[in-house]
Amino acid sequence: MTKKKLFYIIILFITVVCLLSSIFIPETGQLVLLKEFFTVLLMIILAVAIGKSLPSVFKSKKYLKSILVIFVFIILCFVAVFKSADIFKDIIAGTETITLYNCSIDRSPSIKFIWRQHYYLRGLDSNGTAYRFRISGNDYNNLKETDEVTVSCYKNTQRIVEFKN
């Protein structure tokens, strides 16, 4: 097995692990930062794979393809850096307890392998700061009639660790 083939097998394995984690790790709970970490890792892996292909892209005479590949590479790098900065800030700061008022629950459709809904909890804290937390379908059903809710969360990634009532 060549080094190039081994490299792409490792990239494929890590990509599959990251995608599976996005399916099986819940939207709220103790593992929410791990889910965010796997999202950033997926972006980094894709950026590395694209970066590894850059020399062959430059050798081709297709300039539009080269510009597009470079653009995607730069976007992936920037997003990964900014998302990882939020994760590190949350690790350093730890969880915070926030009481949200004027809560609303909404959902939006998304395509991830199969048609799936994304659920969100929106609310204002006592200072008037607006928050939008991603929640699971079970949380959506449990919080439908709630006007006020207290959560333990990570503020930068806006992920809920637990609901406190």
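Okay, here's what the table says:
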item	result
Single unsatisfied condition, Ser84 versus (1) open to solvent by 70 Å² or more (accessible area, probe 1.4 Å); (2) within 30 Å of Asn138 (Cα to Cα); (3) under 20 Å from the mean Cα position of the chain (by Cα)	(1)
Residue ID - farthest from Lys83 (Cα to Cα), chosen from residues in segment 44-53 that are aliphatic (A, V, I, L, M) and open to solvent by 30 Å² or more (accessible area, probe 1.4 Å)	Ile50
Exclusive hit being farther than 25 Å from Ser22 by Cβ, in a strand (DSSP E or B) and among the aromatic types (Phe, Trp, Tyr), set Tyr101, Tyr120, Tyr131	Tyr101
Residue among Asp139, Asp106 that alone is acidic (Asp, Glu) and within 23 Å of Ser21 (Cβ to Cβ)	Asp139
Leading residue by the ranking (farthest from His118 (Cα to Cα)) among those in segment 20-35 that are part of a loop (DSSP other than H, G, I, E, B) and touching a residue at least 40 places away in the same chain (Cβ under 8 Å)	Gln30
Qualifying positions in segment 149-165 - at pLDDT 90 or above and farther than 18 Å from Gly94 by Cα	Val149
Pair list, Cβ under 8 Å, 6 or more apart: segment 1-19 residue in contact (Cβ under 8 Å) with a residue 24 or more places away in the chain, other residue β-branched (Val, Ile, Thr) and open to solvent by less than 90 Å² (accessible area, probe 1.4 Å)	Ile11/Ile45; Ile11/Val48; Ile14/Ile45; Thr15/Ile45; Cys18/Thr39; Cys18/Ile45
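The values are calculated or read from the model by the stated rules, or taken from the named source; none is laboratory data. The shown structure was predicted, so the numbers you read here are calculated from the model rather than taken from an experiment. With ideal geometry, Cβ positions are generated from the backbone for all residues, glycine too; neighbour counts draw on all protein chains shown. When the accessible area is computed, the model is the full protein with side chains, heavy atoms only, and any ligands, DNA or RNA have been set aside. Shrake-Rupley method; radii C 1.70, N 1.55, O 1.52, S 1.80 Å.
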